[in-house]
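For reference, the structure is listed below as structure tokens.
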Amino acid sequence: METHYDNPQERSDIRDRSGLRLYYTPALRKYDAGILMAGQNIDWPPMIIPNRADEFRVESTCSSKCTEQYFSPAGIRVFAVLPHAHITAVGMEMRHYRYGKELKPLSIDNHYDFNFQESRSLENEITVFPGDSLSTICKYNTSKRNKTIWAGYSTSEEMCLNYLYYYPKVPLTKCLSSIDYPSLVDSFLLDKKNISISPYIMNAASFFWHRPGVSEYDWTKQDGLEFGSLINNTKTFIEFCLPEGVGLWTKDLKGSTREKLQITEQYTEPNPCDPAASSGGRSHETLLPAIITRTALALCSLFTLLI
């Protein structure tokens, strides 16, 4: 359990009364639930986000190799998703792929707000099978920042994570990835911009890696577009597929290099004016859903005539 506090005004008149209530029962449920952390690794290689970007996109993958290793043949049933990023994040997605085909996303929030974080219960549970891949996508607006944003715990730093609430519980607790940001930054700032940068050092306050020269660099909007294209067109990524008991700071922890997923078919939202889509492909079992569906179809038809 973690509790995070944010008090930017350093007020002394605030008291926390939140808590946790535990219930014991001799009648155990059939399944234990679990939480899977998926998204961007925040330790090494460190995520780097340019400032002055209207929209900067970061994508992380939980690969088919990881789900094949830890999921049972029946898969896991996801019933809620909690997106988590910090104050420059403006959009978050959790996408689902099977053999290169994109399925219905688990979660999409195009108006993410750090101050209004909550878990999103799915209308219908979604099964993720071994061999499926998951993708966490974060979009950041850093137009009001004047220097590079790094990954870290502080709200002035950034994260890109989705927490999946699911059952039955499996040994996997973290499925994180990153790309080789250090090499990409070197090639971009050294080769293209001729910027002199020094070796990485650990920030004593946050215990995350920063790099003088990169930290102070004031990116232009064009820099951000070029760097974003560079990182989103890499062919490989580094994955950390971690079971219970293995933390990100485990000594000599090394990730596995994976090839990026080749998407053969993207998901298309069903047309609400399509009767099959409106009924979810199932017959109506009661009068009320049928009335609602017919009303929705009539409105769709009217709207089509008007435009």
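The values are calculated or read from the model by the stated rules, or taken from the named source; none is laboratory data. These numbers come from a predicted model, not from an experiment. Cβ sites come from the backbone with ideal geometry, for glycine too, and all protein chains shown count toward neighbours. With ligands, DNA and RNA removed, areas are computed over all heavy atoms of the protein, side chains included. Shrake-Rupley method; radii C 1.70, N 1.55, O 1.52, S 1.80 Å.
Details
- Residues in segment 230-245 carry Karplus couplings, in order, of 5, 6, 7, 10, 5, 8, 10, 9, 10, 10, 10, 9, 10, x, 4, x Hz; the curve used is 6.51 cos²θ - 1.76 cosθ + 1.60 with θ = phi - 60°, and Gly or Pro positions show x.
- Averaged over its residues, segment 37-112 has an accessible area of 37 Å² per residue, based on protein heavy atoms and a 1.4 Å probe.
- Cleavage-rule hits (GluC sites (Glu not before Pro)) in segment 1-77: DSSP loop, at most 11 neighbouring Cβ within 10 angstrom: Glu2, Glu10
- Qualifying chymotrypsin sites (Phe, Trp or Tyr not before Pro) in segment 53-125, DSSP loop, other Cβ atoms within 10 Å at most 12: Tyr99, Phe116
- Percent carbon-and-sulfur accessible area, segment 1-112, ignoring ligands, DNA and RNA, probe 1.4 Å: 49 percent
- Amide H contacts under 5 Å for Met47, placed H, 5+ residues apart: Ala151
- In percent, rounded to a whole number, the relative contact order of segment 1-154 is 34, using alpha-carbon pairs under 8 Å and six or more apart.
- Spatially proximal aspartates and glutamates relative to Lys235 (Cα-Cα < 15 Å; intrachain offsets below 8 disregarded): Glu59, Asp180, Glu259
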